[in-house]
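Written out below as structure tokens is the structure these notes cover.
The values are calculated or read from the model by the stated rules, or taken from the named source; none is laboratory data. Because the structure is predicted, anything quoted here is derived from the model rather than measured. A quick note on method: Cβ atoms are made from the backbone with ideal geometry, for glycine too, and the neighbour counts reach across all protein chains shown.
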Amino acid sequence: MPRSWSQPIPVMIFHLFLNTKKFFAGKMTNEQKILVLEHFRRAGSLEYTASVLRCLHGDIGCEIERLEHSCGENAHLKILWELQRL
């Protein structure tokens, strides 16, 4: 019987799943990938990671401004920084 999406994946099974050779070799099936992504979505992992990346992007921007204030403008660095925005 297929697992219901409303049922949580037990932590022990999830860790065993992640520690398989197929996971590290990049040979997961599409169904396995979807299952893992769904678990991450339900746990809020993707949103949390995005918020941390946005915060770090802002911090890096402030550091670039500080450096430019003392060393002069660096257009290439600013472009590279902007390209990293989510």
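Observations on the model:
- Test for GLY72: is it modelled with pLDDT of 90 or more, out of contact with any helix residue (DSSP H, G or I) (no Cβ under 9 Å at 6 or more places or on another chain), surrounded by 10 or more Cβ atoms within 10 Å (Cβ to Cβ) and not hydrophobic (A, V, I, L, M, F, W, C): no
- Residue selected from the stretch 1-53 under the condition at pLDDT 60 or above and part of a loop (DSSP other than H, G, I, E, B), by the criterion nearest to ARG85 (Cα to Cα): GLY44
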